[in-house]
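Let me begin by presenting the structure, written as structure tokens, before commenting on it.
The values are calculated or read from the model by the stated rules, or taken from the named source; none is laboratory data. Here the structure is a predicted model, which means the values were calculated and not measured. Don't worry about glycine lacking a Cβ; one is built from the backbone with ideal geometry, like all the others, and counts go over all protein chains shown. To get the accessible areas, we keep the full protein, side chains included, count just its heavy atoms, and leave off ligands, DNA and RNA. Shrake-Rupley method; radii C 1.70, N 1.55, O 1.52, S 1.80 Å.
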Amino acid sequence: MTTNFSKTPSYDLLHSLTFCVFDLETTGGNHQHDKIIEIGMVRIKNLQIVDHKSFLINPEVHIPEFIQKLTTIKDSDVADAPVIETVIDEILEFMGDSILVAHNTSFDVPFFNSVLKRLGKPELQNKSICTNLMTKYMIPNILSSNLNYMSKIFDLKHQKAHRALDDTMASAELLLKYLSIFIHKKIAKVNSLYYPKNKFELDRINYKKDVPLEGILEQINSLTTPFLVTLKGQEGVVLFSMPSHGRADEKAYIIEKVKKIPFEMLTLKLTGPYFQGLLEMSSYFSKISDELEIETIKKLCEFNGIDPKTVDLHHPQEMPADFIVVNHLIPEQYVIYPLRALHQKLELVFRYPTHQNKLVQYINSKSARMAQGKMKKDHLNPMINNFLIAYLKGSRDTLLIQRQNAKITNQDLKDPIEKFMSENPNDYDFPNKFL
């Protein structure tokens, strides 16, 4: 795989590194007793895959049936394969002093070290990177980071899961994808590879006031999917916040504000559904000036085709349902909120039907707490509360759930959830399109 990179200081930094991506298939997860049955390795140098090697290994024990089904490796496949002692030096030579990479280093590295210890050889001293952990840092709220799913959402080739070389090739392509992202985001230190937290998230970016404004405006203008812009002043005081569908009229208004308001920090965040941007903005709404509150509501009404005269600015109205379900930014994920206590802290991110039992339990639990008065209602500003109600009346990308007196069951949710999913495909192309 060859990836197109821009030659920058970040490119030069990563271009100088050599990685060895590897994966083990074993008879089980016990370091003391289980054995390696296959190892795959891929070398990345100069930001390209330059070599690969794999071995079937005779474990000299029976491969458990469930491992045979998982990996398709049978006892007969390894009967004439070399034992680990005869290939270990070749494996170590291929690894060399490279940075070791695996999709689960917490398993692969300790397991391999246990083999080295048994063979009387020194343990690995190489630095290591886990693409699984890296994924969780870079894509917050992702529910599944297994290699099959990551290959799917990044359009990577991965034909034979749980075969060492195929898993290693997929992990190598995922690493190259991440390295290209690090270059795009101007990585400055190699150490950031190991714990890329709070700086390299793919759904958001923070701009300080000294960043050239032209670059910020270019970024805003390039977005075609829903996003949220928030401006903060000294000590994090919120000066302005506005969601956008990604349309030209909204971006023109946001850019006008960005040019006029002297901010210390500008945060740009991909939200997935527009409702997600509205919800996050609502948490900032009461912190902006009274004058800007009214202007913001009028603009929200304008952008969403709502008559501002229908939005009561003083008296909060009752939400039209108990719960709301929307798509998540991440493919195949959804979010549910209790509308009568609307707050991001009360969200449940779920996959369906994988988490259908969890979803039902969430609805029934939150409903019971609300009925008993144990869930504190979120006191939204009346203006934003009533705008949200007006918005939801015309929204086509949300699912409203009205709780009945009896507890909700899986069957109660099946048809409305499946209908919502079929009518609202996730078209955000995240994380392929990222900030």
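Evaluation of Ile205 against the conditions (1) surrounded by fewer than 17 Cβ atoms within 10 Å (Cβ to Cβ); (2) out of contact with any helix residue (DSSP H, G or I) (no Cβ under 6 Å at 6 or more places or on another chain) shows that the sole unmet condition is (1).
Here's the yes/no breakdown for (1) among the hydrophobic types (A, V, I, L, M, F, W, C); (2) in contact (Cβ under 8 Å) with a residue 40 or more places away in the chain; (3) in contact with a Ser or Thr (Cβ under 9 Å, 6 or more places away or on another chain); (4) within 17 Å of Ser283 (Cβ to Cβ):
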site	(1), (2), (3), (4)
Thr296	no, yes, yes, yes
Leu300	yes, yes, no, yes
His314	no, yes, no, no
Met319	yes, yes, no, yes
Asp322	no, yes, yes, no
Gln333	no, yes, yes, no
Arg340	no, no, no, yes
Lys366	no, yes, no, no
Asn386	no, yes, yes, yes
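Rundown of residues vs (1) farther than 21 Å from Gly28 by Cα; (2) of a type in the set (Lys, Arg), yes/no style:
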site	(1), (2)
Ile44	yes, no
Pro59	no, no
Phe66	no, no
Ala81	no, no
Ile88	no, no
His103	no, no
Asn113	no, no
Arg118	no, yes
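Among the residues making up the stretch 292-318, those that are part of a loop (DSSP other than H, G, I, E, B), open to solvent by 60 Å² or more (accessible area, probe 1.4 Å) and acidic (Asp, Glu) are Asp307, Glu318. Kindly list, by first and then second residue, each pair from a residue in the stretch 143-156 that is over 16 Å from Asp429 (Cβ atoms) to a residue that is open to solvent by 80 Å² or more (accessible area, probe 1.4 Å), limited to pairs with Cβ atoms under 7 Å and residues at least 6 apart or on different chains. Listed pairs, sorted by first residue: Ser145/Lys136. Residue-level check: of (1) out of contact with any Asp or Glu (no Cβ under 8 Å at 6 or more places or on another chain); (2) closer than 27 Å to Pro140 by Cα, Arg351 misses just (1).
Among residues of the stretch 348-373 being basic (Lys, Arg) and part of a helix (DSSP H, G or I), the one that is modelled with the highest pLDDT is Lys358. Quick one: would you say Asp203 is touching a residue at least 24 places away in the same chain (Cβ under 8 Å), over 30 Å from Glu302 (Cβ atoms) and in contact with a Lys or Arg (Cβ under 7 Å, 6 or more places away or on another chain)? So Asp203 fails the test.
Here is a list: Leu392, Leu380, Leu388. Which entry is in a loop (DSSP other than H, G, I, E, B), over 21 Å from Pro331 (Cα atoms), among the aliphatic types (A, V, I, L, M) and within 29 Å of the chain's Cα centre (by Cα)?
Numbers: Leu392 fails: in a loop (DSSP other than H, G, I, E, B); Leu388 fails: in a loop (DSSP other than H, G, I, E, B).
Among Leu392, Leu380, Leu388, only Leu380 is in a loop (DSSP other than H, G, I, E, B), over 21 Å from Pro331 (Cα atoms), among the aliphatic types (A, V, I, L, M) and within 29 Å of the chain's Cα centre (by Cα).
Close contacts from the stretch 1-26, counting a first residue that is modelled with pLDDT under 95 and a second that is of a type in the set (Asp, Glu) and open to solvent by less than 40 Å² (accessible area, probe 1.4 Å), with Cβ to Cβ under 9 Å and a gap of 6+ residues or different chains, come to Met1/Glu173; Thr3/Glu173.
Taking the criterion of being closer than 25 Å to Lys269 by Cβ and open to solvent by 40 Å² or more (accessible area, probe 1.4 Å), the residues of the stretch 319-373 that qualify are Glu332, His343, Gln344, Lys345, Leu346, Glu347, Arg351, His355. On the given criteria, is Glu38 modelled with pLDDT of 95 or more and over 34 Å from the mean Cα position of the chain (by Cα)? Judged against the criteria, Glu38 is not a match.
Got a number for residues in the stretch 138-166 being of a type in the set (D, E, K, R) and touching a His at 6+ places or on another chain (Cβ under 7 Å)?
The initial filter retains those residues of the stretch 138-166 that are of a type in the set (D, E, K, R), namely 152, 155, 157, 160, 163, 166.
Now restrict to residues that are touching a His at 6+ places or on another chain (Cβ under 7 Å): 166.
Looking only at that region, the number is 1.
Those residues that are open to solvent by 50 Å² or more (accessible area, probe 1.4 Å) and either at pLDDT 95 or above or more than 16 Å from Asp322 (Cα to Cα) (or both), I need them from the stretch 374-396; list them, please. The answer is Gly394, Arg396.
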